[in-house]
1. Estimate the FRET efficiency between Ile142 and Val260 by the formula 1/(1 + (r/R0)^6), using the beta-carbon distance for r and 25 Å for R0, to the nearest 0.05.
2. What fraction of the DSSP beta bridges in the chain is antiparallel, stated in percent and rounded to the nearest 5?
3. Given Cα pairs under 8 Å that are at least 6 residues apart, what percent is the relative contact order of segment 148-272?
4. Contour minus end-to-end for Ser151 and Asn387, with contour as 0.36 nm per residue of separation and end-to-end as the Cα-Cα distance?
5. Throw me the Rg/Rh for segment 162-237, computed over C-alpha atoms with Kirkwood Rh, two decimals.
6. Taking a virtual spin label 7 Å from the Cα of Glu191 along the C-beta vector, which residues in segment 65-94 bring their backbone nitrogen under 20 Å of it?
7. Rounded, prolate or oblate: which fits the chain, taking a ≥ b ≥ c as square roots of the Cα gyration tensor eigenvalues, rounded meaning a/c under 1.5, else prolate when a/b beats b/c?
8. Whole Å is fine, so just give me how far the alpha carbon centre of segment 66-126 lies from that of segment 146-160.
Amino acid sequence: MTISPIIPARKTENVTYAIRYIILLANEVAKTGKEMLYLNIGDPNVYDHTTPKHIIDVTYEAMQKNYNGYAPSSGVKSALDAIERDANRKGIENILDIFVTSGASEAIEICLTALLNPGENVLIPTPGYPLYTAIQSKLELIGNPYYLDESNDWQPDIADIRAKINHKTKAIVLINPNNPTGAIYKKETLEEIIKIALDFNLVIFADEIYDKLLFDGNKHISIAALNKDVSVITFSGLSKNYVAPGFRIGWGIVSGQQKVLGDFIEAINKLLRARICANHPIQYAIAPALDGDQTHLVELNKKLERRRDITMNQLATIPGISLVKPEGAFYAFPSIDVDDDAQFAVGLIKETGVVIVPGSGFGQKPGTSHFRIVILPDEKTLEKAFNLIADFMNRYGIGK
């Protein structure tokens, strides 16, 4: 008997994730014995950054207390209360609902699923974090990217956002501070986006997972804090600010008008109940993280700022590369004078062992090329990697 191949769902055909694809290539190169310099992984724990001890201790205590069964689908009360206090400190006051999830990524997917039908669309920033386009494919949505303006410090292009809205547009995604550019959005930019959301009755998905990783004295403004009427879901978690991506703890905060968002909130909670709960004992880390000792952030931001400066200074000496100064998060998104950034990244990895992610994996304006790096590695690693990039480009006459 002949058994036919199992055909996967069409919705998976366009699911791509360049960050993970590059790892497969890097693993093959590593097998040859070449020294690898990883500038691609947005995981602080892979480098010289550690989770604060008091956060680790409280999760162990929760397990010892046998908080190892199911939690409420929206999260334990101590966590929800701490998230609300933190939101209030950021100026978010008109809170309608809060829920804890398995990382911010689960919160994002649940909220997009609860809002959008196949054939509808959400405005997604380009460049932007590829999770959003992956979810877009899974939900069979119509792609609707809007551009960030490199000539304006990577601020969202307001005119482009307005031009892209159609009768099937339901929401705007905002990543601030931004992955992959490191941009922090100005108050006037956020106010323009609020006007658009109110004019067209759109939900703003405000991804603020890096909101405490800020350089040069910059301040982060939560868009939900600027207007009590606009419909916003603010996403965050422990992974970046609190150096605990493996905890898989994130959350969403719904704010706006109950009469506008009531049915949507119930749809979100249906999906939350259907998937049971986020990790129970680790939810007890949320309150001590948000309310407790924040000194690790002072040191982490100092480290990242120094490494950002090394990145800026060294890349500035390489012909063919230009970089808008990152203001937060832990990424940089240099522009490079090549026709194919994916081909450049592959060649660089194979010949030098320096692992970067091509800009095409995050989306970019047609006719431009970029690559994303993380500024998490120690100073010596960064300096060595940038010297190898310069040598590689010089060898092949790139940028001359």
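1. Here the calculated transfer efficiency is 0.60.
2. About 55 percent, rounded to the nearest 5.
3. 19 percent
4. Fully extending the segment from Ser151 to Asn387 adds 82.3 nm.
5. Radius of gyration relative to Kirkwood radius: 0.97.
6. Answer for segment 65-94: 90-94.
7. rounded
8. Between the Cα centres of segment 66-126 and segment 146-160 lies a distance of 27 Å.
Only the coordinates and a few stated rules stand behind these numbers; no lab work does. Worth saying up front: this structure is predicted, and the values here are computed from it rather than measured. Cβ: placed from backbone, ideal geometry, glycine included. Neighbour counts: every protein chain shown.
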